[in-house]
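The next block holds one structure in the form of structure tokens; read it before the comments.
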Amino acid sequence: MQPKVYTSDEHRIPADKIDQHAFYVIQKLRQAGHKAYLVGGGVRDLLLNQRPKDFDVSTSARPEEIRSLFRNAILIGRRFRLAHIRFGRKVIEVSTFRSGDTESAGLIVRDNEWGTEEQDVLRRDFTINGLFYDPENQMVIDYVEGYLDLEKRVLRTIGQPEVRFIQDPVRMIRLIKFCARFNFDIDKPTFEALLSCKQEIIKSSQARIFEELLRMLESGSAKPFFHLLNQYGLLKALSPALGRHLDKDPEKLLYPLLEEIDSEVRKNPPAPLDRCLLLAALVFPLFHDHIRKEATSRDKPLHLGQIAEEANRAIDEIFHPFFNIPRRMRGIITFLLTTQVRLVPLEDRGQRRPRVPRDPLFPMALQLLKMRTAAHPELLPAYTLWTEASFSSHDPTAPSPVDDYPRRKRRRRRRGRRRPGGNPDAPHAG
Ligand code: ATP
Ligand code: MG
């Protein structure tokens, strides 16, 4: 098939927006006689005039050939083998053209059949992610009409949508992610396939979905993402408790919390938010519901142990049955939730002098309280009181608040454990 080619006069991607390291990698691969292009989200975002999160390169060179060309390359992944080329903290992902199987409707467990550049595009997920960019000749190469879909602001799978979703259900989460991020329309057959395949989602690797959810919480579009995830019925498949809670919670406490997270992330410079804080915000509405009910059904106030138990129950419910929360994360989330009750007790105890705990995670708990004030401005006095108290008790020689505790714990416990999302065998498709 002849691709449609767009020149710089048409696409208008400024040459200086191309990442220099990605450009170097492409040039070096080409000098060694291989084909190489920029591909995926990097090209899409440049065409949308947005700053790409990362730059991926697609090449005819085999993984071992890539490794022998670059001293700073390592090969990763078994099911989806690719090279990471490191430049300081930046990583350029280089994957070999794959033929992929775009027609049989079964879960893909391995994707390492090499192919041509055209086949490589056809095994990708959405047309807007299937564009190659040749930085030397400044040309966009389009086999799938992705350029026109970008102009029309439409999301459309490459190939038959139902087959593509059954092959890799993570693509449905990615569809919702792009929909939330860019506010694009979904092409009708793609949308119908999303609705008919949503139950397939639980067949995918929990590590990959967990990672996608975390990335969305960090993306600045968390609120529209969870809203759409719920609206299209995927949230109920992944976390029935969260789906049910959203349906019946009249205050919809989760959405203002997510909105707060989004606005922190969109600040310039963005406020770094710990992943445990993000997950605690996700669990908080259900936890709050539980403790309020428990407190009214008992005649004595809940003690700290009972509150921690409720926090654990809410964590179990939100992440059941699909996700495995690493133990270290669970401990921190429990602390953040439990501390909310300490900051704002359930029953009115009058104005007391706050005693700031020495726990290095305390500032993070305060951050969660700050997020809650967005939906409940009546919490502002409590937030101000605790913030002032924690400033006046601040010890400048103390270890960095957020980092110290989790790191020390993690190092001891990590042996032989996998990081969420770091599963090298997940059927990655970049
Ligand atoms: P982001 O901006 O979030 O990085 P992205 O589209 O670049 O979005 P990546 O995970 O970096 O997402 O993947 C790079 C490219 O690999 C995609 O643009 C797409 O072409 C391809 N790809 C990623 N995941 C899949 C998948 N599950 N199935 C098919 N192709 C995929
Ligand atoms: Mg990307």
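Some notes on this structure:
- log10 of Debye I(q)/I(0), alpha-carbon scatterers only, for the range 1-152 at 0.10, 0.12, 0.15 Å⁻¹: -0.33, -0.48, -0.76
- Computed over the chain, Cα set: Rg, Dmax in Å: 23.9, 78
- Cα-based helix-to-principal-axis angle, 304-319 vs the chain, degrees rounded to 10: 20 degrees
- Cα-based Rg of the range 220-305 normalised by 2.2 N^0.38 Å, two decimals: 1.25
- Computed on the Cα atoms alone, the convex hull of the range 252-345 gives a volume of 110 cubic angstrom per residue.
- In the range 274-398, the alpha-carbon atoms span a convex hull of 117 Å³ per residue.
- Candidates Leu282, Thr339, Pro381 compared by Cα position along the dipole of the range 274-398: farthest toward the positive end lies Thr339, with charges placed on Cβ.
- With DNA, RNA and ligands ignored, accessible area of Asp274 (1.4 Å probe; Å², nearest 10): 50 Å²
- Rounded Å value of the spacing that divides the Cα centres of the range 170-224 and the range 69-109: 22 Å
- Label point at Ala271 placed 7 Å out along Cα→Cβ; residues across the range 352-367 whose backbone nitrogen lies under 17 Å: 361-367
- Only alpha carbons enter this Debye calculation for the range 138-186, each as an equal point scatterer, and the log10 of I(q)/I(0) it gives at q = 0.17, 0.29, 0.33 Å⁻¹ is -0.56, -1.12, -1.18.
- Sites matching GluC sites (Glu not before Pro) across the range 9-104 that sit in DSSP coil, with at most 15 neighbouring C-beta atoms within 10 Å: Glu103
- In units of the compact-protein estimate 2.2 N^0.38 Å, the range 8-67 shows a Cα radius of gyration of 1.18.
- Cα-based radius of gyration of the range 153-264 once divided by 2.2 N^0.38 Å, which approximates compact folds: 1.03
- Total formal charge among the other residues, if their Cβ is under 11 angstrom from that of Arg215, Lys/Arg +1 and Asp/Glu -1: +3
- Sorted from greatest to least, the principal axis extents spanned by the alpha carbons of the range 104-174 come out as 38, 30, 16 Å.
- Those lysines that a straight Cα-Cα span of less than 22 Å connects to Lys252, excepting residues fewer than 8 apart in one chain: Lys177, Lys223, Lys236, Lys293, Lys370
The values are calculated or read from the model by the stated rules, or taken from the named source; none is laboratory data. Keep in mind that what you see is a predicted model, and the values were worked out from it rather than measured. Using ideal geometry, Cβ is built from the backbone for each residue, glycine included, and neighbour counts are taken over all protein chains shown. SASA here: full protein model, heavy atoms, side chains in, ligands and nucleic acids out. Shrake-Rupley method; radii C 1.70, N 1.55, O 1.52, S 1.80 Å.
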